[in-house]
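Laboratory data are not the source of any read-out in this text; all were calculated from the coordinates shown. Just so it is clear, the model here is predicted, and its values are computed rather than measured. Backbone-built Cβ (ideal geometry, glycine too); neighbour counts: all protein chains shown.
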């Protein structure tokens with residue numbers, strides 16, 4: 001049991017460090033998003049860094065509650081790279097989130113097996129699910145930006161009309177959710 005205890009505490013520490021890195025990365029990303037005028041992305045980055053902090057604090061409290069061990073995050077200087085254009089920002093954010101998605105899943109999977117601590121994994125799986133949705137939306141945004149660069153203003157106007165309130169997507173999404181389709 002001592003070996004499993006030691007491995008679990010070590011994994012909690014690694015995951016707390018990962019979450020601290022993720023929060024720091026998101027915090028610098030929100031400033032870059034703001035500098036590019038990407039207001040929705042700014043809010044998303046700010047929110048996501050808060051979620052990473054909450055998950056980090058949860059694991060820290062579980063380490064103390066279960067094992068009587070103080071786990072603190074390492075100092076981190078993880079930063080979002082500087083970008084010159086909104087499209088560059090979106091591409092960097094997309095690449096970073098793909099990397100984070102895999103790391104957070106790996107951390108959650110390790111809590112499940114071999115550590116047999118599924119409850120510690122659940123917030124990480126929830127976080128990964130949110131990240132997957134953001135990745136999907138980012139890919140769409142990147143594709144739109146690139147298409148508008150090629151096809152110009154008429155395509156931009158079409159996207160704007162198709163993405164305003166009360167689109168087909170907005171009308172059908174609640175219906176899908178009501179039958180259990182995961183949004």
Pick from 173, 85, 44: which is most flexible by mean-square fluctuation in a GNM of the chain where alpha carbon atoms under 10 Å apart are linked? 173
Can you tell me the 0 to 90 degree angle between the C-alpha axis of helix 39-67 and the longest principal axis of the chain, rounded to 10? 10 degrees
Taking the alpha-carbon centroid of each part, what is the distance from the range 4-47 to the range 74-147 in angstrom? 9 Å
Round to the nearest 10 and give me the degree value, 0 to 90, for the angle of helix 153-162's Cα axis relative to the longest principal axis of the chain. 60 degrees
Ranked by GNM mean-square fluctuation in the chain (Cα springs under 10 Å), the top entry among 55, 84, 45 is 84
Where labels lie 7 Å past Cα in the beta-carbon direction, separation of residue 92 and residue 126 in nm: 3.1 nm
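State, as an integer percentage, the relative contact order of the range 2-151 based on alpha-carbon contacts under 8 Å between residues 6 or more apart.
Numbers: 148 pairs, mean separation 38.1, N = 150.
Over the range 2-151, the number comes to 25 percent.
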Modelling each spin label as a point 7 Å along the Cα-to-Cβ direction, I'd like the residue 4/residue 173 distance in nm, to one decimal. 4.3 nm
Could you calculate the contour length gain from residue 77 to residue 99, that is, 0.36 nm times the residue separation minus the distance between their Cα atoms, to one decimal place in nm? 6.2 nm
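Based on DSSP H runs of at least 4 residues, each adding -39500 (n - 2.57), what is the mean residue ellipticity at 222 nm of the chain after dividing by all its residues, to the nearest 500 deg cm²/dmol?
Values: 6 runs with 145 residues, N = 183.
Result for the chain, helices only: -28000 deg cm²/dmol.
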Residues residue 139 and residue 64, FRET efficiency given R0 of 41 Å [Cβ-Cβ distance, rounded to 0.05]: 0.55
Give the angle, between 0 and 90 degrees and rounded to the nearest 10, that separates the Cα long axis of helix 2-35 from the longest principal axis of the Cα atoms of the chain. 30 degrees
Scattering profile of the chain at q = 0.11, 0.12, 0.13, 0.16 Å⁻¹ [log10 I(q)/I(0), Debye over alpha-carbon scatterers]: -0.59, -0.68, -0.77, -1.03
